[in-house]
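A short write-up of the structure that comes next.
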Amino acid sequence: MAAPYTGQAFPPLKNDLLLRAAAGEKTERVPVWAMRQAGRYLPEFHEVRSKHDFFEVCQTPELACEITLQPIRRLDLDAAIIFSDILVIPQAVGMKVEMVPGKGPTFDDPLKTPDDMKNLKKDVNVYETLNYVFEAITLTRHKLEGKVPLIGFSGAPWTLMAYMIEGGGSNTFSKAKKWLYVHPEESHQLLQLLTDIIVQYLVGQVQAGAQILQLFESHAGCLGPGNFSKFALPCIKQISKRVKEELSVRGTKPVPMIIFAKDAHFALEELGESGYEVVALDWTVKPKHARRLAPNVTLQGNLDPCALYASEEEISKMTKEMLKNFGTQKYIANLGHGMYPDHNPDHLAAFINSVHRHSEQMNQGL
Ligand SMILES: Cc1c2[nH]c(c1CCC(=O)O)Cc1[nH]c(c(CCC(=O)O)c1C)Cc1[nH]c(c(CCC(=O)O)c1C)Cc1[nH]c(c(C)c1CCC(=O)O)C2
């Protein structure tokens, strides 16, 4: 079934720094955004959440749009990211997930053995089940009025599989990793099922109005090089290739794609050749090391989120150092992971303003 949104007109884009940096084109200023920029560190987010359940917000386009716009109103960000969660895909295949206060995402009935896979919906119609995300994207594109580009996203297959087996967060991911050693065939089947859905989901997001996509492989690091190459990377590559092909077939111009494989420092070379225009880095990677290993892509990252606890003056110094190490071109400034609930919004503002000020000065040779 074709997406109903193709070809609609949106307000013209006024700030295309992010899209130019992703395409490797020259920028006069380094674009900056922050993972989890829409969220619990903002009082206006709590205001909405005090009246609505987390997934109710995700499923209500007007509320998801409102929360997406909150950081854009307050801060000089160069991108918006649609408010949603990676766990909407496990929900779409029929699993029950709730956001339990103080605990995080919790699955009712996680996958225990490969036999449980028979309970998953195999032929999910993404355009029906996840239509609420597409509607939120379309509405947000209009409400942004072209101020900044809108980022769409999905969890990557391994990270989603890990949640579906663990039933929530974990320190070791040993239940999910056990599948890779004991049930490798069935693991591949589950990963392929997720890959097929993610491809449709990302294509649908672009048709709905997303201007760039990020794939979150948040639990890459617990795999190590061997299992990452065997189980995670092939799906990551399949996704970039198929999303671009499917968009072309539908007559929609492919958009740039960002891969964020957290803690996968061992795979930087492969990630740089995996079909994504941008490789996002966590804070444990040295910028120059990443430039050497992935010379053909734009890099994104990678200030330690905890650096935002420092004084505004310190944040400015650390940001300048980061910019010096990455250089100002083929670069998107961001944190190395998401915002924390106890971050001070003014300190995020200090980070954003430092990126802008220092990178403009560097580009003018000052
Ligand atoms: C692993 C993961 C999840 N969700 C996501 C990831 C990948 C990124 C990462 O590695 O952090 C992705 C995500 N989740 C959320 C966004 C929104 C867009 C953004 O501002 O970046 C995005 C891109 C909102 C959210 N997702 C969640 C909240 C807070 C929930 C609340 O309001 O109670 C928000 C704003 C809940 C969530 N959702 C998830 C967890 C582990 C939690 C609870 C713990 C936490 O908040 O860090 C799963």
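The values are calculated or read from the model by the stated rules, or taken from the named source; none is laboratory data. Computed from a predicted structure; not experimentally measured. When we count neighbours, we look across all protein chains shown, and the Cβ atoms used for this are built from the backbone with ideal geometry, even at glycine.
Observations, loosely collected:
- Of all residues making up region 152-175, the number that are on the phi < 0 side of the Ramachandran plot, over 20 Å from the mean Cα position of the chain (by Cα) and of a type in the set (A, V, I, L, M, F, W, C): 1
- Residues located in region 99-151, provided they are more than 22 Å from the chain's Cα centre (by Cα) and crowded, with 23+ Cβ neighbours inside 10 Å: L111
- Selected residue (criterion: farthest from F83 (Cα to Cα)) from residues of region 213-243 that are of a type in the set (A, V, I, L, M) and away from the ligand (no atom under 13 Å from the Cβ): L223
- Candidates in region 65-97 are the residues that are among the acidic types (D, E) and over 17 Å from R40 (Cβ atoms); of these, the one that is farthest from the ligand (Cβ to nearest atom) is D76.
- Residue that is at pLDDT 95 or above, aliphatic (A, V, I, L, M) and in a helix (DSSP H, G or I), where the choices are M339, M318: M318
- Region 131-169, residues that are away from the ligand (no atom under 14 Å from the Cβ) and either without any contact (Cβ under 8 Å) to a residue 12 or more places away in the chain or touching a His at 6+ places or on another chain (Cβ under 9 Å) (or both): N131
- Scanning region 12-43 for residues that are within 16 Å of the ligand (Cβ to nearest atom) and more than 22 Å from the chain's Cα centre (by Cα) turns up just one, P43.
- Consider region 235-253 and keep the residues that are without any contact (Cβ under 8 Å) to a residue 40 or more places away in the chain and not polar (S, T, N, Q). The one that is nearest to D304 (Cα to Cα) is K237.
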